[in-house]
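Structure first, commentary second.
The numbers here are math on the coordinates, done by the rules we state, and not lab data. What you see is a predicted model; the values in this text were computed from it and never measured. Cβ placement follows ideal geometry from the backbone for every residue including glycine, while neighbour counts extend to all protein chains displayed.
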Amino acid sequence: MTVLFTAGLIAYLAGAVAGIAGVRAPRRARIGAFSFALVGALLEIVAAIGALAQGGVTAWTLPSGVPLFSWAIRVNALSAYFNLTLGILAAAVSIYSFGYVRAMEGRRNIGVLGCFYNILLLSLTLVFVAGNAFFFLVAWEVMALAAWALVSFEHEKARTRRAGMLFLIMSHAGSGLLLVGFLILARASGSLDFATFHHAASALPAWQQGAVFLLFFLGFGVKAGVVPLHVWLPEAHPVSPSNISALMSGIVIKTGIYGMALVFFDFFDAPPAWAGILVLGAGVLSALLGVLYALMEHDLKRLLAYHSIENIGIILIGFGAAMVFRALGHPAMAGVALIAGLYHTLNHAIFKSLLFLGAGSVHYSTGTRNMEEMGGLIRPMPVTALCFLIGAVAISGLPPLNGFVSEWLTYQALLAGFGSTQTLTRVIFPIAGALLALTAALAAACFVKAFGISFLALPRSENAAQAHEAPLSMRLGMGFLAAGCVALGLGATWFLPVFDPITEQLIGVRASSALTAANGFAISAGAPHAGTVSTVGIAAMLVLLSALPALFWLVWGRAGRRATGPTWDCGLPGLTADNEYTATGFSKPFRMIFSALYRPRREIQAEYEVSPYYPTAIRFESEIEPSFEKRMYDPLRGWLYRMAGRMRSVQAGSIHAYLAYIFVALLALLLFGVRG
C-alpha cells in the first residue's frame, strides 16, 4: 500500500513536470500531463482500497530540520475513503481531458494547465493524508494556489480574474481561521500531530471548545461553500475550464467536508449538542437556499454550482444529526447518520462531476453555457444527453441511482431522531426532514428544467442546430462516472461495509450490518421496525414496466394501421423555437412563490412604429437580488475600505513617526514581559 501510494504521488509530480516541459509542444504536454495524472489516479485508487481493506493506521514521518515541524503522513480509514473518491474523479476527469483540452491547442497554454492540474491532484492527496497541522496547512495552501491558477486559466477575461481573486481571498480567510484553531489545539496538546489532538478538544474548557469548533466550522465551511460563506463558489465554477469545474465541485470543496469529519468526530470525543444543531441548521439552510438560487439560473454551469451548495447542505444534515446523536448518547444512530453524510459525499462527487463534464461537452459543441440558446441537443449528442440524464436523476434523489440511497438514509436518520430523543431537540428532526423533502422536490424541478430546456424540443440558436457529439475520450470519462451512479445505487448494500472501519475509527461502532436486509438485496434504516427499500427491486420493476409497451406493440400494434401527420401546433403553420418553453418561463412560478427571497426586478421595453398597442419588438429583462452579496458582503467590504483609509494616515512617510511606533511597541513588550 505504501509503495502504491508513493508511486501515485510520483506520477502526479511527473505529470506536473511533463506539463512544464511541453509548454512549447501542446500535444506532448496534453498527452504527458493527463497520462501521468491517469496513472497516478489509478495507483491511488488501488492504494486506498488496500488501506480500507487492511484497516488500522499507517504512519510515517520525514523530519524537516525544524523542531515541532515535520512532514507527517497518516493513512487511516477516513483519509483512504476521501483518497478513493479523489482517485475515481481524477481518473474520469483525466480521460475526459484528453479530448476536451485538444480544442485548446494553439489558443491556450496547455502545459501550464496540465502542470497545475497535477499539482492540484498531488496537494489534494496530501491534504487527505497529512498527519500534523503543519503539513496539513502547507498542503492546504498549495491546493488553494493550484486551484486559483486553474480557476484563473482564462485570465484575459475580467470576470475570470475577479472570480479567481474572490476565491483566493475567501480561501486565505478560511486558512487564517484554521491556523488559529490548530494553534489552540497545539497549545493544549503540546504537539502539532493529529494523533495528540485526539480528544484534546474535549479536554478544553467549555468556552474554548466552542471557540475551536466555530473556528474550524467557519474555516472549513468557506472551502465547502456553506451558506453564507458560499459566495465564491457560483463565481469560480462557471469561469473555470469544465474539467476543472468537475474537480472543484467534485473533490476540492470536499476537503472542507473532510476537515469537518476529522475535527468533529476525531478531535472531539463528543461535541456539545448545540454544535450538532448548528451544523444541522446550516445544512438545512445551505440545501434549501442552494436549490432555490439554482432554479433561477440559466447559465448551466452556474446552476450546477448552486446545486453543489445544496448537496453540501445535505451532507451537513447527516453530519449534524450524527453529532446530536453522539452528544445524546446514541452511537448506533450516530453511525447511520454519519454513513449517510459520507455516502452522499462520494455520491455527490460522482454525479456532480458527471454533470459538469456533461455541461463541458455541451459548451464544447455549442460554444454557450446559456440554456436559452440550447435545445434539441439530444439528437446530435445522444451519449452526452444520456449521461447528463443519469446525473440529473441521481442528483434529484430519484431511485434507483446513488443519490436516492444516501438521501434515503439521511431521511431515516432524521425520522429515527424524532422517535429516540426525549428533549426539545427532537423537534428539529422532523423540521429538517420536511425541508429536506422540499429541497429534493425543488431539485427535481430544477433538473427537469436543465435537461428539458437544454436537450429537448427544437434548437434555439444556430450553434445548437449545428452541435455535434463530444470526442470519444470525453464520452468515456462521462460514461465511467455514469456507471458509478448506477453501481453505487444498485450495489449500495454491497458497498456499505466500506464505512465500517470509518465509523469504528470516528465513533466506535460498526453500523453497516444493521443497514442491510433480505440477504443484501434491500437497505434498512438500521432499526428493528424501520422501513426498508430495495434499489435492485425498483430497477427490476422499472425494466418490467418499460417492457410492457413493447410487449403490447408486439401483440396488438404490429398489425394495426399507422398514419403519419404533422405535430399538433395549435393551428399554427409549424412549430418553431419561439413556441417553446424558455428557462425564464419555466422558473417564473418559483420566482413568484419565493419573491420575498429573490426580490426580483424586471424591465420590459416595447418598440413600435405607430401605436404602443402594436409593438414590433418587446425586450424583457429580469434579475433577482443577490441577497448575501448586497446585504452582507458589500457592507463588510465598505467597512474594510473605510478602515483601510483611516489606517493609511498611519503610513505618513515620517521617519520620526515610525521610530515612535517602534518605541511604543518595545515599551509594551517590556511591560508585558515584566507582568509575565
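Observations
- Kirkwood-type radius of the range 594-645, with distances r between different C-alpha atoms, in Å: 14.2 Å
- Measuring nothing but how far apart in sequence close Cα pairs (under 8 Å, 6+ apart) lie, relative to its length, the range 299-404 scores a relative contact order of 26 percent.
- For q = 0.21 Å⁻¹, Debye-computed log10 I/I(0) when each Cα of the range 380-521 counts as one equal scatterer: -1.30
- One decimal place: the segment ALA203-LEU597 gains 137.6 nm when fully extended, by the rule 0.36 nm per residue minus the C-alpha distance.
- Size descriptors for the range 117-264, from the alpha-carbon set: Rg then Dmax equal 15.7, 51 Å.
- Our compactness index for the range 472-536, the C-alpha radius of gyration over the empirical 2.2 N^0.38 Å, is 1.39.
- Here the Kirkwood formula puts the hydrodynamic radius of the chain at 26.8 Å, using every distinct Cα pair.
- Relative intensity of the range 104-152 on a log10 scale, I(q)/I(0) at q = 0.26, 0.29 Å⁻¹, equals -0.87, -0.99, per a Debye sum over C-alpha point scatterers of equal strength in the absence of solvent.
- If R0 is taken as 35 Å, the Cβ-Cβ distance between SER654 and SER175 corresponds to a FRET efficiency of 0.50.
- Semi-axes of the equivalent ellipsoid of the range 389-429 are 29, 8, 5 Å, computed as sqrt(5λ) over the eigenvalues of the C-alpha gyration tensor in descending order.
- Every Cα-Cα pair of the range 243-366 was included, and the share exceeding 25 Å stands at 28 percent.
- Over the C-alpha trace of the range 64-153, radius of gyration and Dmax come out as 15.4, 49 angstrom.
- Cut-off under 5 Å, modelled amide H: who pairs with SER70 long-range: PHE135
- Sites ALA195 and ARG562, calculated FRET efficiency, Cβ-Cβ separation with R0 45 Å, nearest 0.05: 0.05
- Note that the range 6-11 has calculated 3J(HN,Hα) couplings of 5, 4, x, 5, 5, 4 Hz, one per residue in order, obtained from phi through the Karplus relation 6.51 cos²θ - 1.76 cosθ + 1.60 (θ = phi - 60°); glycine and proline are x.
- Projected onto planes of every orientation and averaged, the convex hull of the alpha-carbon atoms in the range 415-482 covers 7.6 nm².
- Relative contact order [Cα under 8 Å, 6+ residues apart], the range 594-645, whole percent: 32 percent
- Sites ALA530 and VAL610, calculated FRET efficiency, Cβ-Cβ separation with R0 41 Å, nearest 0.05: 0.05
- Convex hull volume of the range 306-346 per residue (C-alpha atoms, cubic angstrom): 37 Å³
- Distance violations [Cα-Cα > 19 Å] among LYS157/LYS449; LYS254/LYS352; LYS254/LYS630; LYS157/LYS223: LYS157/LYS449; LYS254/LYS630; LYS157/LYS223
- ASP578 versus MET165: modelled label distance in nm, points set 7 Å from Cα along the beta carbon direction: 4.4 nm
- Relative intensity of the range 212-262 on a log10 scale, I(q)/I(0) at q = 0.13, 0.26 Å⁻¹, equals -0.30, -0.95, per a Debye sum over C-alpha point scatterers of equal strength in the absence of solvent.
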